[in-house]
Structures are given as C-alpha cells and as structure tokens.
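The values are calculated or read from the model by the stated rules, or taken from the named source; none is laboratory data. Just so it is clear, the model here is predicted, and its values are computed rather than measured. Cβ placement follows ideal geometry from the backbone for every residue including glycine, while neighbour counts extend to all protein chains displayed. The accessibility values were calculated without ligands, DNA or RNA, using every heavy atom of the protein model including side chains. Shrake-Rupley method; radii C 1.70, N 1.55, O 1.52, S 1.80 Å.
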Amino acid sequence: MSGCPLHSTHSPSSSPPVAVSTDDELAFLAEAHHGHILEERLALCRSALLAQQPAPLTCSELTWAGRIAWRNHARCIGRLYWRSLTVRDHRHLDSADEIAASLREHLEFAQADGNVRPVLTVYAPPNRPGGLAPRIWNHQLCAYAGYRHRDGTFLGDPKNIALTEQALALGWQPPSTPGRFDLLPWIVAGRDGSPQLIPLPAGLVREVRLRHPQFAWFEKLELRWYAVPVITDMRLHAAGTDYPAAPFNGWYMGTEIGARNLADTDRYNLLPVIAEKLGLDQRSPRSLWKDRALLELNAAVLHSYETDGVKLVDHHTASAEFMKFCEREKSAGREVSARWDWIVPPLSPATTTVFHTPMREFPTTPDFHAQPPVWV
Ligand code: ARG
C-alpha cells in the first residue's frame, strides 16, 4: 500500500461530511457475503446502529471492511493491492500493555524481513457515542523525535515536535546526546483512555542507511529512514462505526522519503546540503540545483532500500499500478474516488500517467479518516 496518505504535509482534513444512510453504511457487507447481504446480518447491524452501538461485525466482515476502506481511500496511489491486506481483529484487547504487544507484532509481521506486507489491526470502537476506546497518540509506529531548542532552531524531524514534547512530559528519556534520527517511544491509551509511555525494544524498528549508487560521500551524510510507514492516528469508519485505533501500513513509495520527508524545507531540508556536496551553484534557481539535488537524493533512497532488500516502489511503477487499479475498478462497475493532488507524485510528475488523468473525490464508506491529535 504505497500511499494512504502519501504526501505528509497536507493538512489532515477528513472527507467532506455527507449524510449517509444506514443502508449505504452496510452496503459493503454484500461483498463480504459474496454478492448477497444476509438478511439476518443486516438486521443485527441495523438494530445495533439504531441503538447507537457499534455494528457487531464478524471477523471476516471486518476483514472486508478494512480491504474496502483501502480500496476507497482517495489519497492512496497503492490501491492495486487492496485484496492482499492482512486484517487483524484485536477488538477484544483492553489494556495499553496488551495493545502495545499487539502493535509490536503488527510491526514485525509488516516488516517481514524486508518483504513488506500490508497489514491493518483493528482495536475496539467506543461502545457508545463519545465513549472511551483505545487510541494511539503517535502519527506512525516508527518516527524520529523533533527537538525544539530555546533559540528557535531544532534538531530531528520537525513534524514530530509536538509528539516528542508529549513523550517528554510523560517521562521519556531521550538519548544522552539527542540526534537527528532518535526513534520515538509509543504513547498508547487502552480502553480506560489513560496514556501510557511504551518504550521501543532495541532492534524492533528496521531502518535503512542511505547511500548513493555513484557518490561515496553520500553515505557520510549519515542519513537513514525506517522501512515501513505504519499510520496509527487515522480512524477506520466502517458499518456506521468509528474505530479510532486502527493502525495500517503498506510499503513506501520512494518519493515520500526522498522528495518530501528528507527534502521539504519544514522537514529535514537536505537539498542545500546535497547541492553543496554536488558542487552546484545555489545563487540562482536557474542552475536547477534543487532539482539536481532532489534527483540524487531519490536515487539514493531507491538504491539503498533495494540493496537492503526492503520493499519500496518507485513513483513510475506506482503510477502504472494505479492506472491498472482504475481499469480493474472500471470493469467491476465502480468509480474510483481519487485526489489528484495526493495521487500525483512530487518528483517529475508529468512523466507519470496519473498526472494526465482527471480525478474526482467523493465520499465513500468504509474509509480511513484523519482525526485531530488527542492532546489538541
Ligand atoms: N507519507 C508518509 C511518510 O512519508 C507515509 C504515508 C503512508 N505511505 C504509504 N506508503 N503507505 O511517512
């Protein structure tokens, strides 16, 4: 699942709110039951929703809900593989410790020694509107700390400054010499809603040290990124029910790392550093120093993941796969909801077919939605 969402700096707004009927919410069950919605399953779910209770989905219905939510997600270019999603039904877990153990399993199973597997784990929904439910405070299972210094400068990933501050407030001890790539602990709340700091066991998170296929100096920049993006802060909406903790992952598309995380000026901002090493003239934009630096950074990402045997897709292949997904959806009689500004890759966009493809976003269910950070 490269994607979901791919471009990390867009503001987290949910899909446009629309009135959806209970029947629309439950329509996906037809797929779960091979074309027929079983009347008794429908009736049970309808009456639960009417009583403002979560729909009592079976494990296999939940699996379909997760896969269709991925298939529906307008911001994801990697949807061709939606059927391959492994769904883990962990709605029975209560405590933060149990959930943390389940998250460690999720990550290990997803990393799969480099052969990244798309996985979704679903924790309990609140059992009444506004009720408590498990929640993961992190944006992703793997992320680097961002430290703000008093003089306004910062170290690490600026995207994670707020979460880093939450972790510190809960007693997290960063390394004695803080660095640019310090893995953050998890903050997990069980069904009681109270946040618990969960330290990461050493060696759990697989990372890739970046080097370039031609430039030996690149490795000396000591850049790295983690293998798998596991999104932990979106809610799954399925069968009229919200699941606030439903972490999922696919594999990376190279440009997410090379053209955004490491390149954006409000992230690692590395283009000036790389341009300097390349000996490019940064005085005029017309030297295309940004473009050249960007290209070499992305070449390094693709090369390093490939040599380390960690699955990651390049943006040309991802674009072609998305077009194939659209064709298959068309033959299945379904329109694809898609956001052009999220689907089109940020590197050499017009060389990919998706750039030249008109797209339209419309509300879908099941789907994944952004939700505000717990501490806001
Ligand atoms: N863009 C985010 C990041 O760079 C990850 C979003 C999900 N990406 C994916 N390939 N499933 O960390």
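For the stretch 256-268, the condition holds for no residue, the condition being that it is away from the ligand (no atom under 16 Å from the Cβ), under 15 Å from Leu223 (Cα atoms), surrounded by 15 or more Cβ atoms within 10 Å (Cβ to Cβ) and of a type in the set (Val, Ile, Thr). Just one of the numbered conditions (1) within 14 Å of the ligand (Cβ to nearest atom); (2) surrounded by 19 or more Cβ atoms within 10 Å (Cβ to Cβ); (3) without any contact (Cβ under 8 Å) to a residue 60 or more places away in the chain is not true of Gly250: (3).
Listed by first and then second residue, the pairs linking a residue in the stretch 224-245 that is farther than 15 Å from Thr63 by Cα to a residue that is part of a strand (DSSP E or B) and among the acidic types (Asp, Glu), with Cβ atoms under 6 Å apart and 6 or more places separating them unless they lie on different chains, are Arg224/Glu207; Tyr226/Glu207; Arg235/Asp242.
The condition (being modelled with pLDDT under 95, out of contact with any Lys or Arg (no Cβ under 6 Å at 6 or more places or on another chain) and open to solvent by 10 Å² or more (accessible area, probe 1.4 Å)) is satisfied by just one residue among Gly130, Gly171, Gly179: Gly130.
Would a scan of the stretch 73-88 turn up a residue that is away from the ligand (no atom under 16 Å from the Cβ) and either surrounded by 18 or more Cβ atoms within 10 Å (Cβ to Cβ) or of a type in the set (Asp, Glu) (or both)? Within the stretch 73-88, one or more residues are away from the ligand (no atom under 16 Å from the Cβ) and either surrounded by 18 or more Cβ atoms within 10 Å (Cβ to Cβ) or of a type in the set (Asp, Glu) (or both). The set of residues from the stretch 269-288 being more than 16 Å from the ligand (Cβ to nearest atom) and open to solvent by less than 30 Å² (accessible area, probe 1.4 Å) comprises Leu271, Ile274, Ala275. Within the stretch 198-231, take every residue that is touching a Phe, Trp or Tyr at 6+ places or on another chain (Cβ under 6 Å) and more than 16 Å from the ligand (Cβ to nearest atom) and give me the one that is farthest from Leu120 (Cα to Cα). That would be His212.
Phe322 satisfies every condition listed in (1) surrounded by fewer than 22 Cβ atoms within 10 Å (Cβ to Cβ); (2) in contact (Cβ under 8 Å) with a residue 60 or more places away in the chain; (3) within 15 Å of the ligand (Cβ to nearest atom) except (1). Total residues in the stretch 205-218 satisfying the condition of being over 13 Å from Val301 (Cβ atoms) and open to solvent by 70 Å² or more (accessible area, probe 1.4 Å): the figure is 2.
With respect to Gly190, is the statement that it is more than 18 Å from the chain's Cα centre (by Cα) and either surrounded by 21 or more Cβ atoms within 10 Å (Cβ to Cβ) or at positive phi (or both) true? So Gly190 passes the test. Filtering the stretch 306-317 to residues that are under 14 Å from Val116 (Cβ atoms) and within 18 Å of the chain's Cα centre (by Cα) leaves Val310, Lys311, Leu312, Val313. Would you check if there is a residue in the stretch 352-361 being open to solvent by 20 Å² or more (accessible area, probe 1.4 Å), part of a loop (DSSP other than H, G, I, E, B) and of a type in the set (Phe, Trp, Tyr)? Scanning the stretch 352-361 turns up no residue that is open to solvent by 20 Å² or more (accessible area, probe 1.4 Å), part of a loop (DSSP other than H, G, I, E, B) and of a type in the set (Phe, Trp, Tyr). Scanning the stretch 83-112 for residues that are touching a residue at least 60 places away in the same chain (Cβ under 8 Å) and in a helix (DSSP H, G or I) returns Ala96, Asp97, Glu98, Ile99, Ala100, Leu103, Arg104, His106, Leu107, Glu108, Ala110, Gln111.
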